[in-house]
Amino acid sequence: MNIIVVGCGRVGAELAPSLARAGHQVTVIDKNQGAFRRLGEGFEGRVIHGSGFDRDDLQAAGVADADALAAVTSGDNTNILTARIAREVFDVDHVVARIYDPRRALIYERLGIPTVATVTWTTEQVMRRLAPTTVASEWTAATGDVVLLERALPDHWAGRDLDDLVLAGRCAVSAIRRDAATRVYSPGLVVQPGDIVYLTVSRDAVDDIRQLMERVPVRGGH
């Protein structure tokens, strides 16, 4: 793929070389010429000294032939403007913007601009380590109505059928992690202590899933 990375700060300087090592053609844009030093001597991509929302600079970076663009500067407005220009003016298929304000990120997601909200992501990562049984969102659809959840199953679920988590049209089990291995869900799996489950859930069903997991079944039943 031909990928443009706008911003050569900590995120961009890690992202661009990783993409290049994976075999992609990468071009980095940054308004600070000195920022390109962060890429290291072994970086095999191109660099453009300029602005991500300047159309001439984007064209110099090859946006007309780009398959994807990541706007990861330190400014929300710059990232959103860059992402919108790439999507709406140059028809780049895959665009993502880094956003610091999670409230704004949700708005842009609903407008069809995929975002990575740094604060939200960090909060969820910390929550998973402090309270593993907390429902945490791994991914949210651009429309905001479907989420992918990672959840450590409570101890009282041991011995129960994983099928009990399936809610028609509202929750589907995608995969389960057990003993350092992850496997795709198949009907009939029985929960073991320490299992972590991945669920695809309608946004309006998240609370129902949380309550279902926390509910301790009466003896002799589910």
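Laboratory data are not the source of any read-out in this text; all were calculated from the coordinates shown. What you are looking at is a predicted structure, and each value in this text was computed from that prediction instead of being measured. Note that each Cβ is placed from the backbone with ideal geometry, even for glycine, and that neighbours are counted across all protein chains shown.
A few remarks follow.
- Fully extended contour minus Cα-Cα distance, from residue 74 to residue 89, at 0.36 nm per residue: 3.1 nm
- Dipole of segment 38-119 [Lys/Arg +1, Asp/Glu -1 at C-beta], most positive-end residue of 79, 99, 68: 99
- 13 Å reach of a label modelled at residue 170, 7 Å along Cα-to-Cβ, counting backbone N of segment 183-213: 201-213
- Cβ crowding within 10 Å ranks 199, 162, 111 as 111, 162, 199, fewest other Cβ atoms first.
- Point-to-point label distance, residue 146-residue 46, nm (Cα→Cβ direction, 7 Å offset): 3.6
- Residues whose amide H falls under 5 Å from that of residue 29, counting only those 5 or more places apart or on a different chain, are 5, 6, 7, 48, with hydrogens built in the peptide plane.
- Per-residue Cβ neighbour counts within 10 Å put 69, 167 in the sequence 167, 69, beginning with the fewest.
- For 88, 150, the sequence from fewest to most other C-beta atoms within 10 Å is 88, 150.
- Each residue of segment 67-77 was assigned a 3J(HN,Hα) from its phi angle through the Karplus curve 6.51 cos²θ - 1.76 cosθ + 1.60 (θ = phi - 60°); the sequence is 8, 7, 9, 10, 9, 10, 6, 8, x, 4, 4 Hz, with glycine and proline shown as x.
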